[in-house]
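Enquirer: Here it is, the structure in full.
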C-alpha cells in the first residue's frame, strides 16, 4: 500500500532547493509553489537562508516534522538525508529526483538499496530515484514542465521514463487531454509500474477515480502482477493503453525449435496485453489518441458515419476504418436521407461520407448530427471533420459541436485539422473540456485498436480434463533435454492430445515387420522419418508415401545413414492441412502458447496467434479467426476444412499440459494434420528444463 503522506502530504521539504529555476531544485520548488498545495513548504540548502520566498534550513537535522521530501541533491548525500528524514522527522513520502544510483554504478546501487531499506523500515513510499517526479491533484512534486491541467477524471499516467513523459504530456495537452496524476517511477527502486497499478486497483472508486490509465514501459518487471491488476481495473470499468518499447531485438533467443524462433519478448508482451485487455500502442501520438478516444463515451458498435466538409480526409478516414475492421455503411438509399439532403447546399452528398461541402454551416452540421442520432439506426458513432481554409471563423461550428456532444448518446469524435488557421477557435473548444483529434487517420487507427482489443480473459478458466498423475510420473522420471519419442508420446496421451500411432525402429527387419503389420500399400502408404536430427526436412530425413516393402528397405538404409540418426520413426500416412501448436516457458511471463498454420510454412509465413497460458478452447477458436490464413482452415478450392472445434480443443489441452508440467521449456507439435474428422500431431518435440 502506498503511504498516504506521499499522495496527500500536509508538509513538504525540497532538499537542494534553489533560486535558480533552471536547476532541478529550483524548478521543483517553483512547481510546488504554483501547484494547488496548501500545506507547509520547507527548503534545505546550506548556502541560503531564503529561497523563492521560502525559509531555508541549513541541514535536514534542523527541520521540524515533515510528511514528504523531494530530494534534488547529489546521490552521495541522499542516504544520510533519507536516514534523518525517515528516522527523526517522521517523513513517509519520498521523491528522489537525483541520478547516480543503480543506473550508473555498483556503488550507486548500494546507496539505492540502503535508501529503500530505510524507507521500508518506517513504512514509507519512494518515487525514483533518477526520475522527473510525481504530481497529482494535491501537489506537483516534479521538476519538469509542462504541468498539465489536473482533473480527477483525467488520465492516470505511469511511466518508466521521465523524458518520454514530458513529450507524451506535451502532445496530449496540446490536443486537450487532461491528467489526474503522473507517476514517473525512474529506477523503480521501491515503487514500480506494477505497484502503482496495484494501488490504483485497490483504491478504485467508480465515482471518484480516473477511468483511463496510460502506461509507458521499457521493461515489465512482474508480468503476472501487471496482468492481475490491469484485468481487475478494466473489469471495474477502467481503460488502459500502453507502450512497451524495446522489444524488437532484446527478446530474441537462440532458436532450437520453431516455437523458440517465434517467442520473442515482444510476442509475449502482445499476449499479455491481449489477455489483460490493454490496448497496445507504439508511439506517443497513438498512445495519447487512444486515451483521447477513451475519454469519450464507449463505442458500442463498429458502424461509423463520417461527417465532413472536405472530401479527401473523409476518404482517407474511410479507408483506415474499413481496413481496421470497422464499417462505413452506405446511407444513400436510407429513407431519412432525402430529407437531410434537402437541407444542405446543392452538390452535397449523404451517401456516407456525408459531405456538406466547404461552404457548409453550423446549422447544417446540426441537421446532420441530429439525423445520425435519431434516424440512422445503422450508425453507432460518428467522426466530424471540420477545418478551415482561413476565410472565416469556425467558432459557431465548434460551439454547435460542443453542444451536440453533450446531448447525443452516440459518440462523436471531432477532427479539427486547421491548427493554425483557426487556432483560437480550437483552443476555445479545448477550453470547454473537449479533446481535438487533428489527424483523421491517426484517430481512425486508434478507434480500430480500441474496438478490436478484446475484453480481459477471466482469471479462472475451466480447462480440459487430463491425467495429471500420469503426466507427473512421466516428467519426474525423465531427465532435462529433449524427450524420447516414447516419453513424449506418454505425455500427449495423458493430456488427450491426438497423435499418430508410430513405431521407432533401428533394425531393418523391424521396419519390414511393421510395414507388413499395417498392410503397407498404395492404399496404406507409410511415412518414414529420421530420429535424432532436430530439423528432419533440412537433412532429407522425411520420406512420404512409402507404398511397398522394397521402398521400405531402401529408405531405411538411406535414412539411417544420415548424420546423427539413431533410429527411424514409421507410421501410416495421414492427410489434411498442416497446422501447428507450440509452447515455450518464459521466466517472467510463464508459458506462452502459439498456434496457426504449420508445416514448412511456419518459418516463412509465421502466421500464428499466441496467448499466455491458461487458454480455453473458446479463446483459441476466437483467435483462430484472426489468422491471415483463416480461410485456408475453412477450406478453399475444394480443400477440406480443418475441424476448428477439435483444433481449439487441442490448443487448450496443450495449455493444460504445460500447467501440469511447468518443467516443459519448449514444445512443438508441427505439423498437426487437420481435416473434418481429426486434428492429429504427426511430429512432436518436447524439451524439459527442471
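Laboratory data are not the source of any read-out in this text; all were calculated from the coordinates shown. These numbers were taken from a predicted model, which means no experiment stands behind them. Don't worry about glycine lacking a Cβ; one is built from the backbone with ideal geometry, like all the others, and counts go over all protein chains shown.
Enquirer: Using only the alpha-carbon atoms of the chain, report the extent along each of the three principal axes, biggest first, to the nearest angstrom.
Expert: Here the Cα extents, ordered largest to smallest, are 99, 77, 37 Å.
Enquirer: Still on this structure, I have one more. Please give the contour-minus-distance gain from residue 550 to residue 343: 0.36 nm per residue of separation, less the Cα-Cα distance, rounded to one decimal in nm.
Expert: Gain in length upon complete extension: 66.0 nm.
Enquirer: In percent, what relative contact order does the chain have, based on Cα pairs under 8 Å that are 6 or more apart in sequence?
Expert: Here the relative contact order equals 9 percent.
Enquirer: Which translational diffusion coefficient, to the nearest whole µm²/s, is obtained for region 304-452 from the Stokes-Einstein equation, given a Kirkwood hydrodynamic radius over C-alpha pairs, 4 °C and 1.567 mPa s?
Expert: Translational diffusion coefficient: 85 µm²/s.
Enquirer: Further question on the same structure: Please give the Cα centre distance for region 151-221 versus region 643-675, rounded to the nearest Å.
Expert: For region 151-221 versus region 643-675, the Cα centre distance is 38 Å.
Enquirer: Taking the highest mean first, how do the peptides 623-632, 353-362 order by number of other beta carbon atoms within 10 angstrom per residue?
Expert: Taking the mean over residues of other Cβ atoms within 10 Å, the ranking is 353-362, 623-632.
Enquirer: Counting DSSP beta bridges with both partners in the chain, what percentage is antiparallel, nearest 5?
Expert: Among the beta bridges of the chain, antiparallel pairing accounts for roughly 50 percent.
Enquirer: Quote the convex hull volume per residue of region 4-131, based on C-alpha atoms, as a whole number of Å³.
Expert: In region 4-131, the Cα convex hull volume per residue is 92 Å³.
Enquirer: As an exercise, find the ratio Rg/Rh for region 148-294 from alpha-carbon atoms, using the Kirkwood inverse-distance average for Rh.
Expert: That ratio is 0.98, to two decimals.
Enquirer: Enter the per residue convex hull volume of region 532-690, computed from alpha-carbon coordinates, in Å³ rounded to the nearest integer.
Expert: Measuring per residue, one finds 131 Å³ for the Cα hull of region 532-690.
Enquirer: Additional query: Taking the Cα centroid of region 543-612 and of region 77-128, what is the distance between the two, rounded to the nearest whole Å?
Expert: Centre-to-centre distance over Cα atoms comes out at 55 Å.
Enquirer: Would you please report the Å³ per residue occupied by the convex hull of the alpha carbon atoms in region 452-554?
Expert: Spelled out: Cα convex hull of region 452-554, divided by residues, is 215 Å³.
Enquirer: Which value at 222 nm does the chain reach when only helices count, each DSSP H run of 4 or more adding -39,500 (n - 2.57), with the total divided by all residues and rounded to the nearest 500 deg cm²/dmol?
Expert: -11000 deg cm²/dmol
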